[in-house]
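Contents: one structure, followed by commentary.
The values are calculated or read from the model by the stated rules, or taken from the named source; none is laboratory data. Predicted model only: the values in this text are computed from it and were never measured. Neighbour counts run over all protein chains shown; Cβ positions are idealised from the backbone, glycine included.
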Amino acid sequence: MVATETHVPFFMHDLGQSELDAIKQVFAGPILTTGSTVSQFEQLFSQFLNCKHTLGVTSCTGALHMSLLALGIGPGDEVITTPMTFIATSTAILEAGATPVFVDVEAETGNIDASKVEAAITTRTRAIIPVHLYGQMCDMIALREIADRHDLFIVEDAAHCIEGERDGVKPGQLGDTACFSFYATKNLTCGEGGAVSTNSDELAEKLKLLRTHGMTKTAADRSIEGYSHWDMKVLGWKYNMDNIQAAILIPQLERIMDNWNKRNALAQRYEEQLQGVKGIVRPTTYDGVKHAWHLYPVWLQDGQRDKVIEGLQKCGIGAMVNYRAIHLLSFFSEKYGFTNGAFPAAEKMGDATLSLPLYPNMPLEHVDIVVRTLKELTEQ
């Protein structure tokens, strides 16, 4: 195996002059922290989601943490979630003082298996955090029915799923809140950052306080209105998005569906070329799903994953692992005593998963290079 003539990065952002122009406008004004540019982004993002309220925050982790606090979840409570996700889904539960309770995933998608959720519910269960893995929404209709039967909240981890839809439902429409990431490799990015959306007026007001230390006045409020004494009503956090981050995001919202169309075309090319390839399994996209295609993962059989990722890197092709089953990471296994066999579908997936290059301006022919190299490596 020799290196390809063309380097294929795992991800490349498409930020450019429009984002620089937007930042320049912020620099021309007096407020760099949370202000009118953040408000503009929040309004545009709410319109895109068809959701009543959005708050820009510093990360999806912060959005998850704030959501749990706003819903009154804390010490002594349990929150059901998935072991096949980034660690932040569970660490946000711990940061709120609650306990994560894992449910295994669907072998076909990696999403939480809704049919197994009720068996995990106890008298201490307060909420469910489903993760829309890779960009495919969980079965929110089934999860909402379960939550309503047991008087539970739903906080959606939609870090991968801004453009997603399932059975006519978008993120945030059936959950009490939906939490989004604008991390460096996400479909919308400002390097770091996130948002929380809700259709509840009451939750939105609580989240606004929690976002800025529990204070009743922000720096932008004081700048516009002149100084007046503010109060601290609750114990809040420093989670507010700034105008610079929002300025980077606004131009991307204008091309979000154009970029989705490009990623969808790349994903379909992967789907066509990988169909029937021995040793490679592709996640199923269910009927009624509009996939956001944040990631394009494959599951490598027969313990080949680590060998293949090393081979891809030697050939100049970027690849990542999203994700290893988190209940077997040292912190969780030592704290809760998890061992192999606790959640077999997630464990099998975590040992096999490999994310391939996917970003809007990736040339279609780079898919051909990746697939050709992948086939060569799996046939060795």
Original post:
Can you name the condition, by its number, that THR33 falls short on among (1) surrounded by fewer than 17 Cβ atoms within 10 Å (Cβ to Cβ); (2) farther than 23 Å from LYS233 by Cα; (3) not acidic (Asp, Glu)?
Top reply: (2)
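Could you grab me the full set of residues in region 66-99 that are part of a helix (DSSP H, G or I) and small (Gly, Ala, Ser)?
Hits for region 66-99 are SER67, ALA70, ALA88, SER90, ALA92.
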Subject >> Every residue from region 103-135 that is surrounded by fewer than 23 Cβ atoms within 10 Å (Cβ to Cβ) and either assigned to a helix (DSSP H, G or I) or on the phi > 0 side of the Ramachandran plot (or both) >> reply: ALA114, SER115, LYS116, GLU118, ALA119, ALA120
**OP:** Only residues in region 202-222 that are closer than 17 Å to LYS52 by Cβ count as the first member; pair them with residues that are assigned to a loop (DSSP other than H, G, I, E, B), Cβ under 7 angstrom, at least 6 apart or cross-chain, and list the lot.
**Re:** LEU203/ASP176; ARG211/GLY236; ARG211/TYR239
Original post:
Which one of the conditions (1) in contact with a helix residue (DSSP H, G or I) (Cβ under 8 Å, 6 or more places away or on another chain); (2) among the basic types (Lys, Arg); (3) touching a residue at least 60 places away in the same chain (Cβ under 8 Å) does ARG305 fail to meet, given that it meets all the rest?
Top reply: (3)
**OP:** Give the residue, chosen from TYR239, TYR270, that is closer than 25 Å to MET12 by Cα, of a type in the set (Ser, Thr, Tyr) and either at pLDDT 95 or above or in contact with a strand residue (DSSP E or B) (Cβ under 8 Å, 6 or more places away or on another chain) (or both).
**Re:** TYR270
Original post:
Is it true that ALA267 is in a helix (DSSP H, G or I) and either of a type in the set (Gly, Ala, Ser) or over 23 Å from VAL105 (Cβ atoms) (or both)?
Top reply: yes
**OP:** Out of the residues in region 136-179 that are of a type in the set (S, T, N, Q) and part of a loop (DSSP other than H, G, I, E, B), state the one that is surrounded by the most Cβ atoms within 10 Å (Cβ to Cβ).
**Re:** GLN136
Subject >> Leading residue by the ranking (farthest from ALA184 (Cα to Cα)) among those in region 285-302 that are touching a helix residue (DSSP H, G or I) at 6+ places or on another chain (Cβ under 8 Å) and outside any strand (DSSP E or B) >> reply: GLN301
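Listed here are the residues, each with its yes/no results for (1) modelled with pLDDT of 95 or more; (2) within 30 Å of ALA96 (Cβ to Cβ); (3) in a loop (DSSP other than H, G, I, E, B).
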| site | (1), (2), (3) |
| --- | --- |
| ALA22 | yes, no, no |
| GLN25 | yes, no, no |
| THR33 | no, yes, yes |
| VAL38 | yes, yes, no |
| LEU64 | yes, yes, no |
Original post:
Hey, among the residues in region 8-20 that are surrounded by 12 or more Cβ atoms within 10 Å (Cβ to Cβ) and in a helix (DSSP H, G or I), which one's nearest to the chain's Cα centre (by Cα)?
Top reply: GLU19
Original post:
Could you list, in sequence order, the residues of region 91-102 that are farther than 11 Å from GLU78 by Cβ, hydrophobic (A, V, I, L, M, F, W, C) and surrounded by fewer than 21 Cβ atoms within 10 Å (Cβ to Cβ)?
Top reply: LEU94
Subject >> Whichever residue in region 240-290 is among the aromatic types (Phe, Trp, Tyr) and buried (at least 19 other Cβ atoms within 10 Å of the Cβ) and, among such residues, is farthest from GLN301 (Cα to Cα) >> reply: TRP260
Subject >> Subset of region 52-99 (residues that are charged (D, E, K, R) and either touching a strand residue (DSSP E or B) at 6+ places or on another chain (Cβ under 7 Å) or in contact (Cβ under 8 Å) with a residue 40 or more places away in the chain (or both)) >> reply: LYS52, ASP77, GLU78
**OP:** Tell me which residues, restricted to region 44-90, are crowded, with 22+ Cβ neighbours inside 10 Å and among the polar types (S, T, N, Q).
**Re:** THR54, SER59, THR61, SER67, THR81, THR82, THR85, THR89, SER90
